[in-house]
Amino acid sequence: MYIPKHIAIIMDGNGRWAKKRALARYFGHIAGAKAIKPVVLHCNDIGIEVLTLFAFSTENWNRPKIEVAGLLKLVNNYLDNMDRYLKYNVRMKFFGDLTVFSEDMQQKIKCVEEKFSKNTGMLFAIALNYGGKDEIKNAVKNIANMVKKNEIQPDEIDEKLIDENLYTKGLPMVDLLIRPGGEFRISNFLLWQSAYAEFVFLKDVLWPDFKPRHIDIAIDEYGKRNRRYGNVV
Ligand code: FPP
């Protein structure tokens with residue numbers, strides 16, 4: 001099996017999962033949060049270097065207040081219970097514009113990242129208040145300030161410098177982007193990093209029903225792709 005280095009997942013379909021069961025959307029997100037751990041452990045077991053999950057987008061603030069509060073509560077609970085991952089040797093990273101979150105939450109995030117930093121296994125990354133366009137805008141601002149301060153000349157701006165000014169600095173490009181739930185779009189997720197990602201859309205599964213075997217199905221499909229990176233081979 002040809003294993004991708006970096007898998008990114010858009011965890012879509014929680015709302016519809018709940019609706020099918022005549023439950024409030026929040027219960028879909030609870031079931032969605034439960035679906036995460038087996039997938040993380042499986043990816044770690046099969047040698048994935050980085051797994052990035054899209055947990056909360058810059059656009060998700062537009063959802064009803066009660067849903068936003070529920071999602072943030074779930075993320076906070078998740079942070080409080082991260083210790084259960086320690087023995088699996090994964091490292092943790094949270095990225096996005098985290099400055100909007102409470103001091104308490106930001107502190108928790110720092111503590112978790114620090115606590116896992118000595119591990120050597122897969123990097124488990126969670127995108128929070130993340131938007132690809134917002135990330136690129138921030139990178140452009142940083143670089144413009146460097147030019148203003150005469151630290152670099154405009155001619156010196158290259159792809160490496162842009163990479164280094166993204167939240168994902170140091171991470172490999174996305175190889176495989178998986179989206180369950182039946183939508184065929186990228187939804188502002190890892191726009192720069194997915195330039196040559198292979199997309200696998202699993203239309204018949206909603207995120208709360210997503211299992212490790214769906215990772216295998218996606219990797220199988222990935223293995224059949226001919227990645228040409230604009231070349232002709
Ligand atoms: C998209 O489904 C899902 C989200 C916007 C949130 C994803 C969050 C979780 C899986 C749980 C919380 C995360 C962590 C890390 C604890 P949707 O609500 O758009 O579903 P729909 O398209 O069926 O309405």
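Restricting to the range 32-52, what's the tally of residues that are within 15 Å of the ligand (Cβ to nearest atom) and surrounded by 17 or more Cβ atoms within 10 Å (Cβ to Cβ)?
The number of residues fulfilling the criteria is 9.
Among (1) farther than 27 Å from V174 by Cα; (2) crowded, with 22+ Cβ neighbours inside 10 Å, there is one condition K20 misses while meeting the rest; what is its number?
Every condition holds for K20 apart from (2).
What number of residues within the range 126-150 satisfy the criterion of being surrounded by 20 or more Cβ atoms within 10 Å (Cβ to Cβ) and among the hydrophobic types (A, V, I, L, M, F, W, C)?
3
So which of R25, R91, R84, R16 ends up being over 13 Å from M122 (Cα atoms) and away from the ligand (no atom under 11 Å from the Cβ)?
R84
Quick one: would you say A55 is out of contact with any Asp or Glu (no Cβ under 9 Å at 6 or more places or on another chain) and near the ligand (Cβ under 7 Å from one of its atoms)?
Here the answer is yes, as A55 does meet what is asked.
Could you tell me whether Y222 is closer than 15 Å to I7 by Cα and loosely packed, with under 13 Cβ neighbours inside 10 Å?
no
Applying the selection to the range 6-28, what residues are touching a Leu at 6+ places or on another chain (Cβ under 9 Å) and in a loop (DSSP other than H, G, I, E, B)?
Those that are touching a Leu at 6+ places or on another chain (Cβ under 9 Å) and in a loop (DSSP other than H, G, I, E, B): M11, D12, G13.
Which of the numbered conditions does G96 fail, given that it passes all the others? Conditions: (1) away from the ligand (no atom under 13 Å from the Cβ); (2) at positive phi; (3) touching a helix residue (DSSP H, G or I) at 6+ places or on another chain (Cβ under 9 Å).
Exception for G96: condition (1).
Got a number for residues in the range 187-211 being in contact (Cβ under 8 Å) with a residue 40 or more places away in the chain and within 16 Å of the ligand (Cβ to nearest atom)?
Adding up the residues that qualify gives 11.
Kindly indicate the residue of the range 159-185 that is free of Cβ contacts under 8 Å to residues at least 40 places away in the same chain and surrounded by 15 or more Cβ atoms within 10 Å (Cβ to Cβ) and also farthest from the ligand (Cβ to nearest atom) among those meeting that condition.
I162
Coordinate-derived values only; no laboratory data. Quick caveat: nothing in here was measured; it's all calculated off a predicted structure. Counting neighbours? That spans all protein chains shown, and the Cβs are built from the backbone with ideal geometry, glycine included.
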